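Chemist: The following block contains the structure, expressed as C-alpha cells.
The values are calculated or read from the model by the stated rules, or taken from the named source; none is laboratory data. A quick note: this is a predicted structure, and the numbers were derived from the prediction, not measured. We place every Cβ from the backbone using ideal geometry, glycine too, and count neighbours over all the protein chains shown.
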Amino acid sequence: MAKYDIVGMPGDGIGKTVYDEAVRVLDAVGFDAEYHHADIGWEFWVKEGNPLPDSTIELLEKYKIGLFGAITSKPKTEAAKELSPELQDKGLVYFSPIVKMRQLFNLDICIRPCRSFKGNPLNFIRKTADGGFEEPMVDTVIFRQNTEGLYSGVEWTNPPPNVFEAFKTHPKFAKYADEPVEEIAISSRIFTYKACERIIRAAFEHARKFGYKSVTVCEKPNVIRETSGMMLEIGKTMQKEFSDIQLWNTNIDAQMMWLTKNPETYGVIVAGNMFGDIVSDGFAGLVGGLGFACSANVGENCAVFEPTHGSAPKYENLDPSIVNPIAMILSACMMLDHINETEMADKIKNAVAVVIEEGKVKSYDMMKLTGGPDVIANGAATTQQITDEIIAKLQ
C-alpha cells in the first residue's frame, strides 16, 4: 500500500502533458503515492454540462490532496454554444471548475512563490545609472485570498428587483438608479473578517518561518475603503503579534509600477482575490513567466496544487511536446512541502536550479522563441528532455 493517496487531475490541453512529467519526477525522487485519476475540464462540460464531476469532488473529499494540470475556460456565451446538442437550452451556465473547487473545499489561501533561478535568460534585468545592467534576484511569495472578492461569483446582469432596490439604498448608487435595469450588470466584492484574518496570519507565519523581513498588504484602501480597508486594518493588528516582521502597505496600481523598479525588496505580499491574481502574474513575469509559476490552493482540510498557466490547446498535439514543465514540477514540490516531505521537495528544487543554471537544455520560452513545431530544430528542448535532465540531477 502506498504511503500517500493523491487525486490526479490532468485536465485539458497541455495540463495532461505537464502533469505526466511532474509524476515522473515524483517517482524518480522516491515519492510513494497512488494517484487516483479524476475527471475535470472542458470535455466534461461539453458532454455532461459539468466541468467538475461529482466523482472528482468525492475523491477530493476522501483523499484531501490534489495535483492539478490545467483547464480550458471560455466566456459564458461561447461555452454554452459548445455544449452537446442534448444539453443545449437547458439553462446550464459554465463556471470555472477550479474556482468552484476552491469554494466547495474552502481553499481560501492561494500561495504563489515567484523566485528567480540563476541563469534563467527570462529573468528581469534593469539598467544601472552608469549605463550597465543588473539582474536583481526576486524572491517574493504572494498570498492571494482565493474564495471571496470579485471571484466569488455574486453578480448579476439585469439584477432582480430586490437586488436593484437594495443597491438603490446606497447614496452613491443614485446616479444609476434611473438607468434601465436590463442594461445594468453588477459584481459584488465581498470580504469577511474571518477570511482576511486567516490569510494575513498565514502570510506572517510564512514570513517568519522562511526568514522574510516584511509582509505587504497590496490593496487600494484609499479608494476601496471598506474591503481593502478591512484587510489593511487587520494587517496592522496582526503585526503586533509579529513585531519582528515589518508591515508594508502598497496600492495595487503603484505596486505594478514598482515591480520593475525594486522587485527584490518585497518578501511576502498578501492581497484579495483579484489584486492577488494581478500582482502574482506581474511578479511571475519577472522570474520567467508562467512556465515557472507554481501555486497552492490550501484550505483547512484539503489542498490542491497547480501551475498557473492555462491549457494552451494549440500545443496539446505537438509531437514532440515543446511546453515547459517546470511550473508543474514546482507545484508538485509545493505539494511535498505541504505534507512535510521537504527533503524530497528540496532535492527537486535544487535539481531544477542546476538544470537552469547549466543551460544545457532550454524550453522554447527560455530561448525567447515563438511556440511552434519548428522550435526543436532551432535548439529548444522537448518537454520530456527537460524532465529527463531534472531527473538526472536528482541522482
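Chemist: Taking interchain pairs and intrachain pairs at least six residues apart, which have beta carbon atoms under 7 angstrom, with the first residue in the range 113-135 and without any contact (Cβ under 8 Å) to a residue 24 or more places away in the chain and the second among the basic types (Lys, Arg) and surrounded by fewer than 10 Cβ atoms within 10 Å (Cβ to Cβ)?
Modeler: PHE133/LYS127
Chemist: Looking at ARG144, ARG115, ARG126 in this structure, which one is closer than 14 Å to SER295 by Cβ, in contact with an Asp or Glu (Cβ under 9 Å, 6 or more places away or on another chain) and surrounded by fewer than 21 Cβ atoms within 10 Å (Cβ to Cβ)?
Modeler: ARG115 is the lone residue from the list that is closer than 14 Å to SER295 by Cβ, in contact with an Asp or Glu (Cβ under 9 Å, 6 or more places away or on another chain) and surrounded by fewer than 21 Cβ atoms within 10 Å (Cβ to Cβ).
Chemist: Further, regarding this structure: If a residue must be charged (D, E, K, R) and over 21 Å from GLY153 (Cα atoms), how many such residues does the range 172-197 contain?
Modeler: Counting residues in the range 172-197 that are charged (D, E, K, R) and over 21 Å from GLY153 (Cα atoms) gives 5.
Chemist: Something else: In the range 109-130, how many residues are at pLDDT 95 or above and part of a loop (DSSP other than H, G, I, E, B)?
Modeler: 10
Chemist: Picking from LEU92, LEU83, LEU67, LEU60, which residue would you name as being crowded, with 17+ Cβ neighbours inside 10 Å, outside the structural domain of ALA202 (by TED's automatic domain parsing) and more than 28 Å from GLY291 (Cβ to Cβ)?
Modeler: Exactly one of LEU92, LEU83, LEU67, LEU60 is crowded, with 17+ Cβ neighbours inside 10 Å, outside the structural domain of ALA202 (by TED's automatic domain parsing) and more than 28 Å from GLY291 (Cβ to Cβ), namely LEU83.
Chemist: Determine which single condition HIS36 fails, assuming it passes every other condition in (1) over 16 Å from PRO10 (Cβ atoms); (2) touching a helix residue (DSSP H, G or I) at 6+ places or on another chain (Cβ under 7 Å).
Modeler: Of everything listed in (1) over 16 Å from PRO10 (Cβ atoms); (2) touching a helix residue (DSSP H, G or I) at 6+ places or on another chain (Cβ under 7 Å), HIS36 misses just condition (1).
Chemist: Check LEU232 against each of (1) in a helix (DSSP H, G or I); (2) within 21 Å of the chain's Cα centre (by Cα) and name the one condition it does not meet.
Modeler: Of everything listed in (1) in a helix (DSSP H, G or I); (2) within 21 Å of the chain's Cα centre (by Cα), LEU232 misses just condition (2).
Chemist: Next question. Going by the structure shown, is ILE109 touching a residue at least 60 places away in the same chain (Cβ under 8 Å) and out of contact with any helix residue (DSSP H, G or I) (no Cβ under 9 Å at 6 or more places or on another chain)?
Modeler: No, not satisfied.
Chemist: Quick check, is VAL270 buried (at least 23 other Cβ atoms within 10 Å of the Cβ), assigned by TED's automatic domain parsing to the domain that holds SER214 and over 13 Å from the mean Cα position of the chain (by Cα)?
Modeler: Taking the combined requirement at face value, the residue satisfies it.
Chemist: Considering only the range 293-344, how many residues are over 24 Å from LYS3 (Cα atoms) and part of a helix (DSSP H, G or I)?
Modeler: 5
Chemist: The conditions are (1) under 22 Å from the mean Cα position of the chain (by Cα); (2) hydrophobic (A, V, I, L, M, F, W, C); (3) more than 30 Å from ALA195 (Cβ to Cβ), and VAL375 fails exactly one of them. Which is it?
Modeler: For VAL375, the exception is condition (1).
Chemist: Can you tell me which residue within the range 70-80, out of those that are crowded, with 16+ Cβ neighbours inside 10 Å and within 22 Å of the chain's Cα centre (by Cα), is nearest to PHE305 (Cα to Cα)?
Modeler: ALA70
Chemist: Given the residues ILE326, ILE356, which is the only one that is under 17 Å from VAL23 (Cβ atoms), of a type in the set (A, V, I, L, M, F, W, C), out of contact with any strand residue (DSSP E or B) (no Cβ under 6 Å at 6 or more places or on another chain) and not assigned by TED's automatic domain parsing to the domain that holds VAL279?
Modeler: ILE326
Chemist: When you go through LYS220, LYS209, LYS172 one by one, which is the residue that is within 30 Å of ARG115 (Cβ to Cβ) and out of contact with any helix residue (DSSP H, G or I) (no Cβ under 7 Å at 6 or more places or on another chain)?
Modeler: Only one candidate passes the filter, namely LYS209.
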